[in-house]
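Participant: Before I ask anything, here is the structure I am working with.
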Amino acid sequence: MIKKLFLPFVVIVGFVGFVVYGRMKTAPNTAIVPPLSVSTTPVPTVTSPATGISPTATSGQYKDGTYTGSVADAYYGNVQVQAVIQNGVIADVQFLQYPSDNGTSAGISQRSMPLLKSEAISAQSAAVDIISGATQTSQAFQQSLTAALSQAS
Amino acid sequence: MRETRIIMGMPVTVDITSDDPKSMVNILEEVFDYFAYVDEKFSTYKSTSEISAINAGTLTPADYSDDMKEIFMLAEKTKNETGGYFDIVNREGKYDPSGIVKGWAIWNAGKILQRRGVRNFFVDAGGDVQTAGCKSNGQKWSVGIADPFVGHYDKVVKVIRVSGEGVATSGTAIRGQHIYNPHKRQFSDKNSHGDKSNGIYDIVSLTVIGPNIYEADRFATAAFAMGRRGIEFIENLHIGDHKLEGYMIDTNGVALMTSGFEKYVV
């Protein structure tokens, strides 16, 4: 009796194991983000520049091409950006160097993830005691980008 | 009583809740002196620093100062705990422990204040902060997460209240609408898996709340390097009984927060 059931049992266990293994391997890159009801626009708006870059360049301000900025120190490490100019305006900015990006292929342990709450960010009153932001790296970013754009001018 | 000075290339602010500000003057000096000491020893931009001597090969591990040995030990520990995403060896093969020195120094500065009997304060260096107790009106300290999309850090997108925790934000600010690749702005791309994303460049800001600023800072640094996976790393992170919480903002201006983050929200 047991002999007769053994093979189908093994097949079923094997199949279940295969399915479970398959599910484990395809761990989501991030939590599934539920559909958002966005009340404010998720696209950040341009504000006045801090250090001489004008974000919304009028067409034709820059020469088309790809320009590599200087390596700027962000205290934590180096930042170097590359600006792509198309039709006279900035089409894209890529990082060539960024602090903390040690490029290792070391993995982090994959664990099951609960759904994480998401929301569109929205500006709030800045009447706080402390503002926490990544100051260093952004300054280096602007520095490197300015250098790249100066070549395109 | 609050004072700000530029040290280690960034604004360092110390705020002490006190009925007698004059009595705090010497204590404030001691804290700022400590940051100057840290800068002299760990700055890779000072040729006279100990870290520069190490990188020049003129100092061997046996001769490292106690603080330097401690930093190297903590850096190794952090590297192991983050699967290598935190590493003080930079692209040129030189040691740059800035990513761990900052949080460690702020934490030590807080300990100086505590040893002097100060119970209500914050120490903020470049947007990473150690808090203790309350402000003068009895409320917890309020921390605003800076809007990562503007050049000026006077706009915030989230406000939390802390008392005793450390808060650190890692990231970069990408300015202006024009920089975004229009394709990345589509919501359908948010769930893309694998390396189709640009890794760390998909997120612009990751804020971590930890039991102290040393823990918050080193894990914010490592988690940001993980890109969108960073928030998952923080979600699973516990230091003793304390679960770390985080708030991650991506290039689309969408934030993901860990499961216990909202208990800090005003």
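The values are calculated or read from the model by the stated rules, or taken from the named source; none is laboratory data. The model shown is predicted, which means the values in this text are computed figures rather than measured ones. With ideal geometry, Cβ positions are generated from the backbone for all residues, glycine too; neighbour counts draw on all protein chains shown.
Participant: What tally of residues in the range B:117-132 results from selecting those that are more than 9 Å from chain A (Cβ to nearest Cβ) and surrounded by 17 or more Cβ atoms within 10 Å (Cβ to Cβ)? Steps first, answer last, please.
Facilitator: At the first step, the residues of the range B:117-132 found to be more than 9 Å from chain A (Cβ to nearest Cβ) are B:117-121, B:123, B:125, B:130, B:132.
Right, trim to surrounded by 17 or more Cβ atoms within 10 Å (Cβ to Cβ) and you get B:118, B:120-121, B:123, B:125, B:130, B:132.
Adding up the residues that qualify gives 7.
Participant: What number of residues within the range B:215-241 satisfy the criterion of being in contact with a helix residue (DSSP H, G or I) (Cβ under 8 Å, 6 or more places away or on another chain), within 23 Å of B:ALA109 (Cβ to Cβ) and surrounded by fewer than 24 Cβ atoms within 10 Å (Cβ to Cβ)?
Facilitator: 2
Participant: Residues that are more than 22 Å from B:GLY110 (Cβ to Cβ) and among the β-branched types (Val, Ile, Thr): does the range B:35-44 have at least one?
Facilitator: Applying the first criterion (more than 22 Å from B:GLY110 (Cβ to Cβ)) to the range B:35-44 yields B:44.
Applying the additional criterion that residues be among the β-branched types (Val, Ile, Thr) yields B:44.
Yes: one or more hits.
Participant: Another one. Among (1) modelled with pLDDT of 95 or more; (2) more than 11 Å from B:ILE213 (Cα to Cα), there is one condition B:GLY110 misses while meeting the rest; what is its number?
Facilitator: With respect to (1) modelled with pLDDT of 95 or more; (2) more than 11 Å from B:ILE213 (Cα to Cα), B:GLY110 is out only on (2).
Participant: Given (1) at pLDDT below 95; (2) closer than 22 Å to A:ILE131 by Cα; (3) of a type in the set (Asp, Glu), where does B:ASP15 come up short, assuming only one miss?
Facilitator: Checking B:ASP15 against (1) at pLDDT below 95; (2) closer than 22 Å to A:ILE131 by Cα; (3) of a type in the set (Asp, Glu), the one that fails is (1).
Participant: Regarding B:GLY138, is this residue among the small types (Gly, Ala, Ser) and away from chain A (no Cβ under 11 Å)? Give the steps one after another, and end with the answer.
Facilitator: On the way: among the small types (Gly, Ala, Ser): yes; away from chain A (no Cβ under 11 Å): yes.
Judged against the criteria, B:GLY138 is a match.
Participant: Suppose the filter is within 25 Å of B:THR169 (Cβ to Cβ) and modelled with pLDDT under 95; does B:ILE71 pass it? If you could, list the steps in order and put the result at the bottom.
Facilitator: Values: within 25 Å of B:THR169 (Cβ to Cβ): yes; modelled with pLDDT under 95: no.
No.
Participant: Here's something else I'd like to know. Of all residues in the range B:18-58, count the ones that are modelled with pLDDT under 95 and β-branched (Val, Ile, Thr).
Facilitator: 2
Participant: Need the failing condition index for B:ALA105 against (1) out of contact with any strand residue (DSSP E or B) (no Cβ under 8 Å at 6 or more places or on another chain); (2) surrounded by 19 or more Cβ atoms within 10 Å (Cβ to Cβ), just the number.
Facilitator: Among (1) out of contact with any strand residue (DSSP E or B) (no Cβ under 8 Å at 6 or more places or on another chain); (2) surrounded by 19 or more Cβ atoms within 10 Å (Cβ to Cβ), the lone unmet condition for B:ALA105 is (1).
Participant: Given (1) in contact with a strand residue (DSSP E or B) (Cβ under 9 Å, 6 or more places away or on another chain); (2) at pLDDT 95 or above, where does B:TYR64 come up short, assuming only one miss?
Facilitator: Among (1) in contact with a strand residue (DSSP E or B) (Cβ under 9 Å, 6 or more places away or on another chain); (2) at pLDDT 95 or above, B:TYR64 violates only (1).
Participant: Hey, among the residues in the range A:81-136 that are of a type in the set (Ser, Thr, Tyr) and at pLDDT 85 or above, which one's surrounded by the fewest Cβ atoms within 10 Å (Cβ to Cβ)?
Facilitator: Quick first cut of the range A:81-136, residues of a type in the set (Ser, Thr, Tyr) only: A:98, A:100, A:104-105, A:109, A:112, A:118, A:122, A:125, A:132, A:135.
Going one step further and asking which of them are at pLDDT 85 or above, we end up with A:118, A:122, A:132.
Numbers: A:SER118: 20, A:SER122: 15, A:SER132: 29.
Among residues in the range A:81-136 that are of a type in the set (Ser, Thr, Tyr) and at pLDDT 85 or above, the one surrounded by the fewest Cβ atoms within 10 Å (Cβ to Cβ) is A:SER122.
Participant: Report whether or not B:GLU262 is crowded, with 24+ Cβ neighbours inside 10 Å, in a helix (DSSP H, G or I) and within 9 Å of chain A (Cβ to nearest Cβ).
Facilitator: No.
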